[in-house]
Amino acid sequence: MNILEYENYHEDKTHVELTFPYNTYLCSIPLDFSGVPLHWHDDMELIYIKKGCGHISVDFKEYHVTAPSLVVILPGQLHSIDQYMDESMEYENIIFSLSMLLPGKYDYTKENFLTPLLAGKFTVPTVFTPVYPYYEDVVAPIDACDEICKTMPQGYQLYIKSKLYEFFFVLDNRCRNLTKPLKSRKTLDKMKVVLKYVENNYADKISIADIADVAGFSESHFMRYFKETMGTSFVDYLKDYRLTMAARLLQSSDSSVLSISGEVGFESLSYFNRAFKKHYGMTPLQYRKGS
């Protein structure tokens with residue numbers, strides 16, 4: 001199970017077919033899952049909070065988000081979603097590939113806005129709320145996409161594309177250069193390699209030597225770098241990541257606790273049970289029953 005499968009397991013509303021890379025998923029925290037670990041991908045992602053509140057991190061900047069608000073996550077940005085205290089949050093997770101808007105040959109819109117935006121040559125706000133002066137302009141195209149996907153008439157794909165271009169027009173025309181990145185690109189890119197390795201290999205044994213080699217550091221340098229960047233040790237991060245994936249499997253499969261513990265990388269069932277109870281405040285079986 002990769003992170004996108006985890007995040008979008010509850011496909012209550014999938015807008016389009018696989019040949020048209022624009023999808024919307026309805027998600028609820030903690031009903032569907034307690035959180036989504038820090039990760040990244042090559043798709044564009046919009047987190048459209050409809051009800052409640054939660055905690056979102058983008059490129060290591062923390063945001064407390066409350067409905068209604070829209071979070072813009074560009075391809076390659078590190079991000080996570082977490083429950084805020086005991087609050088719940090319902091949101092649309094809108095994921096689409098920018099390839100649908102990028103022509104293969106030279107194009108003014110591609111070369112003068114989309115490509116520079118993706119390259120970080122200028123920035124736009126990450127979180128839009130109603131107090132932002134252009135909030136309605138930003139969310140209107142997304143609302144329009146939601147509305148047409150209720151009926152999906154002939155040619156709705158063209159309409160969605162037109163609205164996405166409108167969305168990016170608003171970002172370019174009214175929101176450009178209103179924020180500045182906080183972390184260096186080098187730090188982010190190095191951590192992206194580490195986190196992607198964990199995402200692809202968490203079910204296997206991962207030693208400090210293994211992951212330090214992936215990052216191109218000595219073991220001591222890596223441990224210091226990871227702790228300074230992430231605020232936790234790599235060992236604790238990997239354990240929590242595995243527990244998050246285990247929680248998803250407890251909800252979505254009928255596999256035994258023993259099988260799930262091994263599937264997410266725990267070599268000892270007793271250690272898995274202790275770690276799970278410490279993290280979630282209940283045993284794996286109690287968690288499954290409650291879900």
All conditions in (1) open to solvent by 20 Å² or more (accessible area, probe 1.4 Å); (2) within 22 Å of ASN177 (Cβ to Cβ); (3) in contact (Cβ under 8 Å) with a residue 12 or more places away in the chain are true of LYS50 except (2)
Kindly evaluate GLY104 against the criterion of being modelled with pLDDT of 90 or more, surrounded by fewer than 19 Cβ atoms within 10 Å (Cβ to Cβ) and more than 22 Å from LEU250 (Cα to Cα). no
Selected residue (only one of THR123, THR109 is open to solvent by 20 Å² or more (accessible area, probe 1.4 Å), within 18 Å of LEU74 (Cβ to Cβ) and outside any helix (DSSP H, G or I)): THR123
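Which of the residues spanning region 133-168 are of a type outside the set (Ser, Thr, Tyr) and not in a helix (DSSP H, G or I)?
Residues of region 133-168 of a type outside the set (Ser, Thr, Tyr): 133, 136-150, 152-155, 157-158, 160-161, 163-164, 166-168.
Listed by number, the residues that qualify are PRO133, CYS149, LYS150, MET152, PRO153, GLN154, GLY155.
Pick from GLY290, GLY281: which is at pLDDT below 95, open to solvent by 50 Å² or more (accessible area, probe 1.4 Å) and on the phi > 0 side of the Ramachandran plot?
On the way: GLY290 fails: on the phi > 0 side of the Ramachandran plot.
Being at pLDDT below 95, open to solvent by 50 Å² or more (accessible area, probe 1.4 Å) and on the phi > 0 side of the Ramachandran plot holds for just one of GLY290, GLY281, which is GLY281.
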Can you find even one residue in region 215-235 that is within 23 Å of the chain's Cα centre (by Cα), more than 24 Å from LEU31 (Cβ to Cβ), open to solvent by 60 Å² or more (accessible area, probe 1.4 Å) and modelled with pLDDT of 95 or more? yes
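Any residue in region 93-108 that is among the β-branched types (Val, Ile, Thr), closer than 22 Å to PHE122 by Cβ and touching an Asp or Glu at 6+ places or on another chain (Cβ under 9 Å)?
No - not one qualifying residue is present in region 93-108.
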Options PRO130, PRO153, PRO125, PRO141; residue that is free of Cβ contacts under 8 Å to residues at least 12 places away in the same chain and in the same structural domain as PRO68 (by the TED database): PRO153
Output the residues belonging to region 158-176 that are touching a residue at least 40 places away in the same chain (Cβ under 8 Å), farther than 12 Å from PHE113 by Cα and open to solvent by 50 Å² or more (accessible area, probe 1.4 Å). LYS161, ARG174
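Among residues belonging to region 248-276 that are assigned to a loop (DSSP other than H, G, I, E, B) and not small (Gly, Ala, Ser), point out the one that is nearest to GLN286 (Cα to Cα).
Within region 248-276, the subset assigned to a loop (DSSP other than H, G, I, E, B) is 253-256, 264-268.
Then drop every residue that is not not small (Gly, Ala, Ser), which leaves 254, 264, 266-267.
Details: ASP254: 14, VAL264: 19, PHE266: 19, GLU267: 21 Å.
The selected residue is ASP254.
Determine, yes or no, whether LEU195 is farther than 22 Å from GLU62 by Cβ, among the aliphatic types (A, V, I, L, M) and in contact with a Leu (Cβ under 7 Å, 6 or more places away or on another chain). Steps first, please.
Working: farther than 22 Å from GLU62 by Cβ: no; among the aliphatic types (A, V, I, L, M): yes; in contact with a Leu (Cβ under 7 Å, 6 or more places away or on another chain): yes.
So LEU195 fails the test.
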Could you say whether any residue in region 7-20 is at pLDDT 90 or above and open to solvent by less than 10 Å² (accessible area, probe 1.4 Å)? no
Conditions (1) touching a Gly at 6+ places or on another chain (Cβ under 9 Å); (2) closer than 20 Å to ASP42 by Cα; (3) of a type outside the set (Gly, Ala, Ser); number of the one not met by GLU87: (2)
Cβ-Cβ below 6 Å, separation at least six or inter-chain, first residue in region 265-291 and without any contact (Cβ under 8 Å) to a residue 40 or more places away in the chain, second part of a loop (DSSP other than H, G, I, E, B): which pairs? PHE272/PHE266; LYS277/THR283
Tell me whether region 189-197 contains one or more residues that are surrounded by fewer than 16 Cβ atoms within 10 Å (Cβ to Cβ), at pLDDT below 90 and closer than 19 Å to LEU70 by Cα. no
By residue number, the members of region 242-274 that are out of contact with any helix residue (DSSP H, G or I) (no Cβ under 6 Å at 6 or more places or on another chain), under 26 Å from MET223 (Cβ atoms) and surrounded by 14 or more Cβ atoms within 10 Å (Cβ to Cβ) are ARG242, THR244, MET245
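The values are calculated or read from the model by the stated rules, or taken from the named source; none is laboratory data. This structure is a prediction, so every number in the text was calculated from the model and none was measured. A quick note on method: Cβ atoms are made from the backbone with ideal geometry, for glycine too, and the neighbour counts reach across all protein chains shown. These area figures cover heavy atoms from the full protein model, side chains too; ligands, DNA and RNA do not enter into them. Shrake-Rupley method; radii C 1.70, N 1.55, O 1.52, S 1.80 Å.
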